[in-house]
Every structure is written in C-alpha cells, then in structure tokens.
Amino acid sequence: MTRHDVRSSNRRAVLAGACAACAASLAGCARYSTGNGGLAGPPAQGGAAPPGAGAASSAGSNASAVLARTADIPVGGGKVLTGKKIVITQPQAGSFHAFTAICTHLGCIVNTVSGGTIDCPCHGSKYSSVNGSVVNGPATLPLAAVSIKVQGTLIVQE
C-alpha cells in the first residue's frame, strides 16, 4: 500500500465517522417539532401529582395530569416545569396560561418568568407570558400553548 493509499483510506475513515455523527445528531433533532410545541410524542398521562394533590376532583378529569397548585404560580410570574417541559404563567391574579418550555429558536428549555416574559437562557429569546408570542428574538415562532384547566387549587393538563 502506498502513502497515497494510506492517506485516502484515513480521509475516508474520518469522513465516514463525521457522516455517522451528523446522521446521529440529525436523528435526535427529528424529535423536535414546533408543530407539537417541541414535545416528543404525546404528553405523558398520569404523571406524579404534587404532594397531597389526591385524586382528580369531582369535576371529572380522569385523564388529566396534575401539573401544579395555583399557589405555586406567582401573580405576574410563572413556574417552569422542566421535567414536563411546560411553563405555567399567571400574568394577572386568577388567569393561568401554559406553554411548551422549549424555546423555538434552538430547543433550549426556558428558565425564568419575570417582567411579563418567559425567558430563554441560551440566546436571549423572550416570549409573552400571556400568549407565548415572541417579544425578543432570535426566536421567530411563538411558544405552543398547552391546554390546562384549573380545578379548585390544582392546575391540570387536559
């Protein structure tokens, strides 16, 4: 084997490895979709309820998952449920909204709700805590709404 053959062989090996790594990373990205709010697959049902939450109320919500208590969501702010990839806001007393917590720019998880915005730590995107619309880029798409319902003192996912 000549030196040229060895170099060509090494280049092919490097290219093959790079292509495999690229394909693997793209396969992971395929699970993210703004059409489903960045959630991979259907939302989990029957997740762990907050301590003392008990069963669903008599209002009938047998398939609803308890996300939080109303007292856990500050007025004018919100709470990021990192494990569920959901952010719940309460812009005004008694008005609760929920959105996917996955930034539509590059898929980072938002981390704070303050000053009327839901903020992403990665590149500074900010979304409205009322409707999830983009307030500050680089994101160009809004956060997808998540359907919730308040049952007494519990906030449940529909």
Any hit, region 49-71, residues being at pLDDT 50 or above, surrounded by 12 or more Cβ atoms within 10 Å (Cβ to Cβ) and under 14 Å from residue 118 (Cβ atoms): no
Test: residue 107 is modelled with pLDDT of 85 or more, under 10 Å from the mean Cα position of the chain (by Cα) and in a loop (DSSP other than H, G, I, E, B): yes
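For (1) on the phi > 0 side of the Ramachandran plot; (2) of a type outside the set (D, E, K, R); (3) out of contact with any strand residue (DSSP E or B) (no Cβ under 6 Å at 6 or more places or on another chain), each residue gets a yes or a no:
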residue	(1), (2), (3)
98	no, yes, no
119	no, no, no
125	no, yes, yes
132	yes, yes, no
144	no, yes, no
147	no, yes, yes
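The values are calculated or read from the model by the stated rules, or taken from the named source; none is laboratory data. Small disclaimer: the values here were computed from a predicted structure and weren't measured. In this analysis, Cβ positions are derived from the backbone assuming ideal geometry, glycine residues included, and neighbour counts consider all displayed protein chains.
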